[in-house]
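Q: First, the structure itself, so that you have it in front of you.
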């Protein structure tokens with residue numbers, strides 16, 4: 001069995017925690033797909049993201065807040081015989097998360113959200129100046145569904 005679907009929630013969370021970036025898929029106002037790589041934070045089945053206050057992402061999300069977020073790690077090229085193209089595959093661990101974006105405006109909730117994002121990358125303690133709290137858009141996705149898969153062969 002080359003691929004294994006993950007049903008264990010702890011395994012899914014462990015994959016997300018090991019990722020450095022995620023890819024957020026959304027639909028633009030014209031109905032076309034739009035995908036962006038982003039930094040993130042994750043806690044209690046909520047994905048924390050931040051961005052500029054204006055731009056294409058915000059336009060897309062205000063029009064349609066549904067998103068699919070991809071996390072992938074553990075990439076390694078594998079092969080059974082290096083001269084046989086069909087014997088190549090890629091080792092990976094991958095999770096898809098589905099949900100709807102909610103924007104956070106409350107300054108204290110934003111600080112807490114930024115702490116979750118920073119914890120993904122460092123164990124430091126941080127302060128945030130009022131302009132950064134005011135000027136940075138903060139959004140969350142409460143994950144409604146997780147789909148995980150690994151390929152280890």
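The values are calculated or read from the model by the stated rules, or taken from the named source; none is laboratory data. Predicted, not measured: the structure shown is a model, and the values here were computed from it. So basically every Cβ, Gly included, is an ideal-geometry build from the backbone, and we count neighbours across all protein chains shown.
Q: Taking into account only those residues within the range 57-77 that are more than 15 Å from residue 138 (Cβ to Cβ) and surrounded by fewer than 13 Cβ atoms within 10 Å (Cβ to Cβ), which is modelled with the lowest pLDDT?
A: The qualifying residue modelled with the lowest pLDDT is 75.
Q: If residue 16 passes every condition in (1) free of Cβ contacts under 8 Å to residues at least 40 places away in the same chain; (2) in contact with a strand residue (DSSP E or B) (Cβ under 9 Å, 6 or more places away or on another chain); (3) not in a strand (DSSP E or B) but one, which one does it miss?
A: (1)
Q: Inspect all residues belonging to the range 85-94 and state whether any of them is over 17 Å from the mean Cα position of the chain (by Cα), assigned to a loop (DSSP other than H, G, I, E, B), modelled with pLDDT under 90 and under 19 Å from residue 147 (Cα atoms).
A: For the range 85-94, residues over 17 Å from the mean Cα position of the chain (by Cα), assigned to a loop (DSSP other than H, G, I, E, B), modelled with pLDDT under 90 and under 19 Å from residue 147 (Cα atoms): absent.
Q: Pairs only if they're at least six apart or on different chains, beta carbon under 9 angstrom, first in the range 142-153 and under 14 Å from residue 67 (Cα atoms), second modelled with pLDDT under 95 and part of a strand (DSSP E or B); list them, first residue then second.
A: 146/6; 147/5; 147/6; 147/94
Q: In addition: Would you pick out the residues in the range 25-52 that are in contact (Cβ under 8 Å) with a residue 60 or more places away in the chain, out of contact with any strand residue (DSSP E or B) (no Cβ under 6 Å at 6 or more places or on another chain) and outside any strand (DSSP E or B)?
A: 39, 45
Q: Also, I was wondering about something else. Among what's in the range 130-146 and is in a strand (DSSP E or B) and loosely packed, with under 15 Cβ neighbours inside 10 Å, pick the residue that is nearest to the chain's Cα centre (by Cα).
A: Across the range 130-146, the extreme among qualifying residues is 142.
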